[in-house]
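Only one structure is covered here, and it is reproduced in the block below.
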């Protein structure tokens with residue numbers, strides 16, 4: 001027996017029901033267009049689309065719904081190309097047994113990557129179905145149209161539809177890229193705001209999140225760990241008393257990996273607490289002093305590389321020099337729902353339900369950890385609340401899988417506790433940034449030197465060859481080697497993401513200092529290094545503008561050649577005026593920030609009005625407006641939601657969030673020791689979308705993070721006259737300033 005997917009991989013092709021795309025549907029080109037990368041890697045059309053007899057269409061993307069609304073936007077694109085109503089589209093969850101392998105859902109690339117594949121796959125599927133209908137109707141294919149899946153002839157409905165012509169046929173054929181997707185002027189669904197298809201089940205308390213999933217005969221598990229991923233369990237705990245506790249099924253011990261399995265969740269929690277008191281651990285070296293973390297970063301051994309360079313630094317025309325340094329602490333994902341996974345080992349098959357953002361890479365890594373062939377492991381995505389970046393999802397999935405190998409034939413539900421989440425997840429790396437600029441007599445920046453110090457922003461599991469980064473992989477009896485630390489490669493970049501300014505400086509040098517041996521475990525947190533780099537660059541630009549008495553927007557525009565960036569800034573100015581945000585007098589202040597995410601994604605400009613209390617140091621976010629250009633808007637409301645959400649999250653990072661640690665370990669283990677922005681502290685937010693004609697859709701999910709941080713800091717400076725350069729902007733730091 002084999003799966004369809006493995007058969008395709010092994011044979012390279014299937015018997016095709018449809019051997020050509022009809023001539024009338026071909027692109028008007030001598031050669032067919034190149035397939036989008038995701039479709040080229042997963043060319044079988046029925047991997048992406050399935051036409052069901054009940055009048056529905058199942059769309060199967062390889063990108064995960066993480067709350068960003070991607071299922072809705074991709075469904076709109078499929079429905080548009082197929083000419084069916086949106087409510088006919090069912091979106092399947094990502095499953096390594098049946099979905100296309102699109103690796104990770106990250107980097108705000110789902111619309112650009114998965115969307116492009118779905119457009120072309122759906123266009124070709126429509127062309128095939130139209131040709132089948134033309135044959136049955138005895139007409140030329142050029143006469144056949146489609147209205148909500150029903151075929152028309154010269155505009156008149158027939159009684160034939162998609163579901164009738166498919167019958168026992170499938171779309172099991174490889175895409176050619178020869179069918180022409182619709183041109184923009186013919187769109188009916190794309191470009192219109194559509195209600196999120198994933199929201200109703202959450203509103204009506206249906207099973208939406210993995211934390212709510214329950215299986216028959218399911219057991220519950222908890223893992224016992226310290227906050228040190230390299231800690232060794234130095235002696236075997238006297239577990240007899242734990243095993244005798246009510247409901248306890250088994251204590252699983254594999255090297256320094258230790259967990260308890262029980263019939264009920266509360267029993268597992270109680271047993272894990274008792275077991276934790278019995279364990280003894282050998283800790284690793286002490287951590288550095290948090291108060292001088294940015295100094296530690298600058299002095300730590302680092303791999304230095306020049307990210308971008310233009311001209312020669314040291315122009316003789318420099319009339320004034322300005323220098324400033326900035327920092328960002330370790331920050332947590334602090335996901336609302338703790339990491340959870342369910343695993344079941346039956347016979348030769350291990351199945352894992354997980355909220356990982358990359359079920360295919362994770363599948364290979366888990367197989368390596370538990371000693372199975374990759375084809376004997378199946379990973380199925382399930383949603384979780386607050387899942388973005390590389391949080392604890394992958395580690396929890398590996399935990400559950402390892403436990404299931406010891407307790408077979410029953411589903412194992414493994415959920416981290418809140419403390420496990422804060423102590424176990426990889427953090428967003430601490431960073432330090434330094435800018436040195438030279439201005440000519442007109443106040444134009446002509447020399448720009450930028451240095452960023454950072455750990456890695458990507459230590460995700462990446463298949464069987466890169467599995468040693470998972471916590472359980474390092475703890476088991478025969479631990480897997482820790483993979484060499486790398487970072488996201490340019491041009492997207494990790495620590496240097498958005499370190500290259502969008503501004504046109506005559507002479508510039510941008511350098512990255514990759515610190516490989518970080519004191520805490522780090523990986524991808526939403527927007528990676530862009531959050532801190534844009535904060536530094538935009539704080540600096542605002543400072544220089546104020547110092548020479550120039551309007552901050554005009555000063556930025558003077559250094560820009562990118563017309564879309566200029567349009568976004570001008571629209572922001574209109575937004576600010578309409579919102580009555582200027583002028584502002586202390587204790588109020590207004591600041592702005594602008595960037596193009598990764599210098600290739602969406603443009604976003606943010607203006608924030610704050611009220612700062614100089615005595616208490618409290619900073620109130622009073623009003624926010626944004627202007628954004630994400631190219632063609634598939635679902636405008638979805639883009640606005642993403643900009644708003646990014647602004648709110650970045651506001652929380654900027655004002656409150658930092659992992660606190662002492663010499664002996666991490667101290668942030670709950671919401672009291674890791675406070676976040678509360679609902680009453682969220683300001684009113686207005687977002688204006690700019691949609692330039694004939695521009696492709698751009699990723700917008702992480703566009704607001706950096707500009708928001710800069711806007712808040714710049715507003716605080718205007719309100720108080722004090723420039724804060726170290727994140728977060730806490731009351732204590734403002735009082736000290």
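List of remarks:
- Residues (under 16 Å from residue 416 (Cα atoms) and either modelled with pLDDT under 90 or in contact with a strand residue (DSSP E or B) (Cβ under 8 Å, 6 or more places away or on another chain) (or both)) located in the range 271-297: 271, 272, 275
- Taken as a whole, the range 724-733 holds no residue that is assigned to a helix (DSSP H, G or I), assigned by TED's automatic domain parsing to the domain that holds residue 528, touching a helix residue (DSSP H, G or I) at 6+ places or on another chain (Cβ under 8 Å) and within 24 Å of residue 525 (Cβ to Cβ).
- For the range 660-675, the criterion of a residue being assigned to a strand (DSSP E or B), surrounded by fewer than 22 Cβ atoms within 10 Å (Cβ to Cβ), in contact (Cβ under 8 Å) with a residue 40 or more places away in the chain and touching a helix residue (DSSP H, G or I) at 6+ places or on another chain (Cβ under 6 Å) is satisfied by at least one position.
- Cβ-Cβ under 9 Å pairs, at least 6 apart or on other chains, the range 253-278 side without any contact (Cβ under 8 Å) to a residue 12 or more places away in the chain, far side in a strand (DSSP E or B) and crowded, with 17+ Cβ neighbours inside 10 Å: 266/220; 273/222
- Any hit, the range 497-506, residues being crowded, with 23+ Cβ neighbours inside 10 Å, modelled with pLDDT of 95 or more, in the same structural domain as residue 547 (by TED's automatic domain parsing) and under 22 Å from residue 357 (Cβ atoms): yes
- Filter result for the condition that a residue is under 20 Å from the mean Cα position of the chain (by Cα) and surrounded by fewer than 17 Cβ atoms within 10 Å (Cβ to Cβ), over 600, 651, 577, 616: 600
- Residue among 436, 413 that is in the same structural domain as residue 508 (by TED's automatic domain parsing), assigned to a strand (DSSP E or B) and at pLDDT 95 or above: 436
- So residue 324, is it in contact with a helix residue (DSSP H, G or I) (Cβ under 6 Å, 6 or more places away or on another chain), touching a residue at least 40 places away in the same chain (Cβ under 8 Å) and either outside the structural domain of residue 392 (by TED's automatic domain parsing) or under 24 Å from residue 255 (Cβ atoms) (or both): yes
- Residue in the range 170-214 that is surrounded by the most Cβ atoms within 10 Å (Cβ to Cβ), counting only those that are within 27 Å of residue 261 (Cα to Cα) and in contact with a strand residue (DSSP E or B) (Cβ under 7 Å, 6 or more places away or on another chain): 210
- Qualifying residue in the range 157-172 (condition: in a loop (DSSP other than H, G, I, E, B) and under 32 Å from the mean Cα position of the chain (by Cα)): yes
- Some residue of the range 642-656 being in a loop (DSSP other than H, G, I, E, B), at pLDDT 95 or above and more than 26 Å from residue 65 (Cα to Cα): yes
- Failed condition for residue 267, given (1) modelled with pLDDT under 95; (2) out of contact with any helix residue (DSSP H, G or I) (no Cβ under 6 Å at 6 or more places or on another chain); (3) within 28 Å of residue 336 (Cα to Cα): (1)
- Residues of the range 59-80 satisfying the condition of being without any contact (Cβ under 8 Å) to a residue 60 or more places away in the chain and either in a helix (DSSP H, G or I) or surrounded by fewer than 16 Cβ atoms within 10 Å (Cβ to Cβ) (or both): 70, 74, 78
The values are calculated or read from the model by the stated rules, or taken from the named source; none is laboratory data. A quick note: this is a predicted structure, and the numbers were derived from the prediction, not measured. All Cβ positions, glycine included, derive from the backbone under ideal geometry; neighbour counts span all protein chains shown.
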